[in-house]
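What follows is a set of notes on a single structure, which appears directly below.
The values are calculated or read from the model by the stated rules, or taken from the named source; none is laboratory data. Fair warning: this is a prediction, and the values are worked out from it, not measured in the lab. Here Cβ is always computed from backbone atoms with ideal geometry, including for glycine, and neighbour counts include all displayed protein chains.
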Amino acid sequence: MFLRIFAVCVFVLSLVSMSWAAGAHDGLLCTGCHGIHTAKGDIIFAVEPNKKAINPKTKQPNTGTTALCLGCHETPDKGGMGIMAVSGHMSHPFGVTPNTKVATVPAAFLREGKLECVGCHDPHPSNPFYKYLRVDTSKGAKMTDFCAMCHSSKADPNVVKNLKMFNSMDERSYVPAAVTPAAPASAPAAPRRK
Ligand code: HEC
Ligand code: HEC
Ligand code: HEC
Ligand code: HEC
């Protein structure tokens, strides 16, 4: 089983020319996800969108960036590449237009009104947080801080008040780490996610 997964990974890695460097997306080149010349999907994605996997909530194939993530993160029989396939453990809804009685997703993180994978994850290598989540959970120890992002009325008000969310999608708000004086996290060339 492990060997099979490993073989698929090695194949995939050579296919989209990534490196093993740090394991997760840090090791993917930009071009592992974005094809500059031979794009296969939206946002010039290098990976074929997964139209095979059926969304458990909507009973439809996935759309938008979710179909792109699942081009890698789904088992091969469901149209993915077997890299950390999510179908086995993903019980939280995605690909849905939120019922605002259940959750309030910050507008900046909805795509065409829907909660997609990128509602919870910012997949860019600049994201320093555990599992590319939009909120720092201290390596998963404070997962309730993350849930507070969209389920505020159920969370500790102090957490909600001080919540910082990571967003790589507005270049105008970028502050280069190099000019931040003496910030320890900015010291290594490729900061490890925490
Ligand atoms: C080109 C293939 C590819 C695509 C597309 C892709 N990923 Fe990944 N992802 C990877 C690889 C490779 C890893 C590392 C797997 C490993 O360590 O075994 C990874 C790891 C992850 C992890 C775990 C990180 C960790 O620290 O353990 C998360 C979360 C993740 N991806 C989310 C996403 C999301 C969300 C999307 C869509 C926006 C996405 N990925 C798109 C290849 C991809
Ligand atoms: C794991 C896959 C993945 C990797 C690696 C990745 N991206 Fe992305 N990129 C995405 C996804 C998914 C989106 C859309 C995100 C969203 O909607 O929030 C995106 C969006 C973008 C956009 C915005 C496009 C627009 O229309 O607004 C730019 C620019 C971009 N990426 C550049 C880069 C660069 C530069 C790198 C390397 C440093 C990189 N990406 C690495 C998946 C990836
Ligand atoms: C409601 C928020 C939410 C949504 C939506 C979501 N994720 Fe996640 N995801 C998480 C959380 C939280 C974790 C970390 C779980 C942990 O380690 O305790 C995670 C973990 C992961 C991992 C790492 C799994 C591992 O074995 O370490 C991958 C890969 C991933 N997500 C991909 C995706 C993809 C692809 C989608 C869209 C189909 C998606 N996620 C949608 C919250 C979300
Ligand atoms: C980025 C926003 C976001 C985050 C973060 C988030 N959720 Fe959700 N959650 C939603 C949305 C959207 C729904 C679906 C609402 C609907 O039914 O339309 C939902 C639904 C739920 C439901 C109801 C599920 C069902 O099938 O009816 C539960 C329970 C839940 N979330 C728990 C959590 C927990 C626990 C966390 C933290 C680990 C979390 N959520 C993080 C947005 C989020």
Legend entry - Breaking point among (1) more than 11 Å from ligand 4 (Cβ to nearest atom); (2) closer than 27 Å to residue 58 by Cα; (3) touching a residue at least 12 places away in the same chain (Cβ under 8 Å), for residue 89: (3)
Legend entry - Those residues of segment 61-78 which are closer than 12 Å to residue 47 by Cβ and among the acidic types (Asp, Glu), in sequence order: 74
Inset, instruction - Confirm whether residue 135 is modelled with pLDDT of 95 or more, within 25 Å of residue 33 (Cα to Cα) and in a loop (DSSP other than H, G, I, E, B). - result: yes
Inset, instruction - Would you check if there is a residue in segment 53-73 being of a type in the set (Val, Ile, Thr), within 20 Å of residue 112 (Cβ to Cβ) and in a helix (DSSP H, G or I)? - result: yes
Legend entry - Options 59, 51; residue that is modelled with pLDDT of 90 or more, of a type in the set (D, E, K, R) and on the phi > 0 side of the Ramachandran plot: 59
Legend entry - segment 138-172, residues that are basic (Lys, Arg) and in a loop (DSSP other than H, G, I, E, B): 139, 142, 164
Inset, instruction - Kindly check whether there is at least one residue in segment 85-107 that is within 13 Å of ligand 2 (Cβ to nearest atom) and modelled with pLDDT under 95. - result: no
